[in-house]
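Report on the structure given below.
The values are calculated or read from the model by the stated rules, or taken from the named source; none is laboratory data. Remember, predicted model here, so these are calculated numbers, not experimental data. No Cβ is skipped: glycine too gets one built from the backbone with ideal geometry, and neighbour counts run over all protein chains shown. Just so you know, the surface numbers come from the protein's heavy atoms only, side chains and all, with ligands and any DNA or RNA stripped out. Shrake-Rupley method; radii C 1.70, N 1.55, O 1.52, S 1.80 Å.
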Amino acid sequence: QVQLVESGGGLVQAGGSLRLSCAASGSIFSINAMGWYRQASGKQRELVAAITSGGSTNYADSVKGRFTISRDNAANTVYLQMNSLKPEDTAVYYCNAQGTISTRVTYPQLWGQGTLVTVSS
């Protein structure tokens with residue numbers, strides 16, 4: 001069974017940086033796209049950034065120039081480097097994988113358990 005395991009959340013002051021990591025565990029052949037979503041209290045979940053297996057990236061306007069997504073295809077891991085953090089970046093951040101092909105089954109979409117990022121002013 002394939003799972004996404006996130007790490008790297010925490011408390012940081014405004015202007016600081018954090019790096020999130022998400023590793024897909026299990027017998028995986030490939031993952032099409034990986035990304036990060038976030039959900040602030042009382043708000044809907046929104047896309048933060050995504051990256052394809054070929055390296056094409058997509059960012060929410062609110063994080064462009066501050067956040068960088070990257071991935072290690074061999075390790076089935078995606079990262080989110082977050083710089084110049086703002087209080088409005090406070091949210092639970094969820095890792096997402098689309099099109100995961102494993103030895104037994106293809107998973108159209110997988111989600112991690114979420115990691116809390118809190119930015120204090």
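A few notes on this one:
- Highest-MSF residue in the chain out of 76, 32, 96 [GNM, Cα springs under 10 Å]: 32
- Loop trypsin sites (Lys or Arg not before Pro), the stretch 31-61, which have at most 12 other Cβ atoms in a 10 Å radius of their Cβ (DSSP): 43
- Size-normalised alpha-carbon gyration radius of the chain, reference 2.2 N^0.38 Å: 1.03
- Computed lengthening from residue 74 to residue 58, 0.36 nm per intervening residue step minus Cα-Cα distance: 3.7 nm
- The alpha carbons of the stretch 62-121 occupy a box of 47, 20, 17 Å along the principal axes, longest dimension given first.
- Inter-label distance for residue 41 and residue 19, nm, one decimal - labels placed 7 Å from Cα along Cα-to-Cβ: 3.0 nm
- Relative to one another, the C-alpha centroids of the stretch 17-49 and the stretch 51-101 are positioned 6 Å apart.
- Shown for the stretch 1-86: the carbon plus sulfur share of the solvent-accessible area, taken with all protein chains present and a 1.4 angstrom probe, equals 43%.
- Relative contact order (%) - the chain, alpha-carbon pairs under 8 angstrom, separation at least six: 36 percent
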